[in-house]
Amino acid sequence: MAKWGEGDPRWIVEERADAHNVNNWHWTERDASNWSKNKLKELLEGLKIVNDDVGSCVIHEVTSCDGEASVSNRKKKIICFYEFKVKAKWKGSLKGSDIKYVGELEIPNLSEENDADEVDVNISFGKDERECRELKDLMRKQGTKLIQSKLQDYIDSLKTECAATIQVPEKDASTSTNGNVAAGNRNNIKSEMQQVVVQESKADIGTRIHTKKLVMTETFMTEVGELYKTLTLKDRVSAWTRGSVSADVSVGQTFSFFGGNVSGEYTGLVYGEKIAMRWRHKSWPDAHFSNVTLNLKQTSDGAQIRLEQKGVPQDSIEATRMGWKNYYWSAIKMTFGFGTRIL
C-alpha cells in the first residue's frame with residue numbers, strides 16, 4: 001500500500017472517515033432531472049424584459065419542462081448530460097397602455113449539444129390571443145438574449161452546484177476556509193465539498209463531447225410479447241448475444257455483451273412496451289454513456305421496435321447504427337426466425 005504523497009495517486013488509499021470514492025477516481029452518477037426542472041423554473045419565472053421606448057414583458061409561468069439530465073464524476077472529471085424542451089407563458093404591455101397581451105415561448109433544444117447562445121427561443125401568441133408585433137419583436141430580440149443568459153446560468157449551476165453532491169473532499173481539503181471542521185459535521189463537510197468542486201471545475205470540467213440522437217425502427221415477424229421476452233429472458237438473451245447471462249433482465253441490473261464491447265445498465269422496464277437503459281460502446285470516450293429507449297408495439301406487419309438513443313458521440317453515430325442492425329436486430333432474427341413471415 002502506497003503512503004500518502006507517494007506513488008501514482010490513482011492507487012493511493014486516502015485516509016478518509018467514510019472510505020468512499022478515494023480521490024474522486026471512480027464513476028459516480030446522479031439523476032439531475034428534477035433538480036434541473038426546478039432550477040429552470042426558478043431562473044425563468046419572473047424574468048422581466050424591459051424597453052423604455054416600447055414596453056415591458058415578464059415570463060410568468062413555465063408550463064412544461066420535458067426531458068432529463070444527469071451529472072457524472074469520473075477521474076475528477078464532471079460530465080453533464082441534459083436535454084430539455086421548455087414551454088412558458090409571458091405577459092406584456094406597451095408603454096402608456098393598459099392593454100395586457102399574453103404570449104407563449106418554447107425552448108425546443110436545450111442540450112449539451114448546443115451552447116446557450118445557440119439554443120432556439122420561439123416566441124408566439126396563442127390562436128385565441130390578441131397579437132402585438134412590437135412586444136413580439138421585443139421578446140424575440142431582447143428577450144431571447146436574456147433567456148439564453150439564464151440558460152447559461154443553469155448550465156453553470158449544473159456543473160458546479162449540482163455536481164458538488166457527487167464529489168467528495170480530498171485529504172488536503174479537510175478543513176473549511178474559515179477554520180477547522182468538526183468531525184462528523186455533515187453540513188460543514190457539504191459546504192466545503194461545494195467550495196472544492198467550484199474551484200477545481202473551472203479548469204477541470206471534463207471534455208466536451210459532441211453528440212447526436214439516433215432513431216431506428218425495426219419490425220420482427222412475431223408477437224410483441226415474444227419479442228419482449230427475447231430481449232429480457234436470460235436464456236433468450238444468451239442465445240442471440242452468444243454469451244453467458246446469469247439472470248433475467250431487471251431494473252438496476254448491469255450488462256456486458258459481445259466480449260465487453262457493449263455495456264450498461266437497465267433503467268426502466270414496462271412489459272411488452274418499453275425497455276430503457278444506459279448504454280455505451282467501449283470505443284467511446286471514457287465513462288460516457290448514452291440513454292437508450294426501446295419502444296415496442298404490435299403492428300399489422302409484426303412486432304415493431306422504435307429505438308431512440310440520446311447522447312451518441314457524433315463521430316460514432318453510423319457505427320452505432322450498424323452495430324444495432326448487425327448485432328441486435330439481425331442476430332435476433334437469425335436466432336429465432338423472426339425475420340421470416342409465416343403464411
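The values are calculated or read from the model by the stated rules, or taken from the named source; none is laboratory data. This one's a predicted model, so the numbers in the text were calculated from it and none came from an experiment. Every residue, glycine as well, gets a Cβ built from its backbone with ideal geometry; the counts of neighbours run over all protein chains shown. Please note that ligands, DNA and RNA were not included when accessible areas were found on the heavy atoms of the full protein model with its side chains. Shrake-Rupley method; radii C 1.70, N 1.55, O 1.52, S 1.80 Å.
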Practice task
Please report, as a whole percent, how much of the solvent-accessible surface of the range 67-132 comes from carbon and sulfur atoms (probe radius 1.4 Å).
Solution key: 38 percent
Handout entry: Prolate/oblate/rounded call for the range 297-343, Cα gyration tensor, a/c under 1.5 rounded
Key = oblate
Handout entry: 217, 144, ranked by accessible area, largest first (probe 1.4 Å)
Key = 217, 144
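Can you work out the accessible area per residue across the range 68-119, with the rest of the protein chains kept in place, probe 1.4 Å, in square angstrom?
44 Å²
Counting only protein chains, not ligands or nucleic acids, how are 256, 246 ordered by accessible area (probe 1.4 Å), most first? Spell out each step's value before the answer.
Details: 256 75, 246 105 Å².
Listed by decreasing accessible area, they come as 246, 256.
For residue 250, what is the net charge nearby, where nearby means another residue's Cβ is under 12 Å from its Cβ and Lys, Arg count +1, Asp, Glu -1? Kindly include the intermediate steps, with their values, before the conclusion.
Working: positive: 234; negative: 248, 265.
With Lys, Arg at +1 and Asp, Glu at -1, the net is -1.
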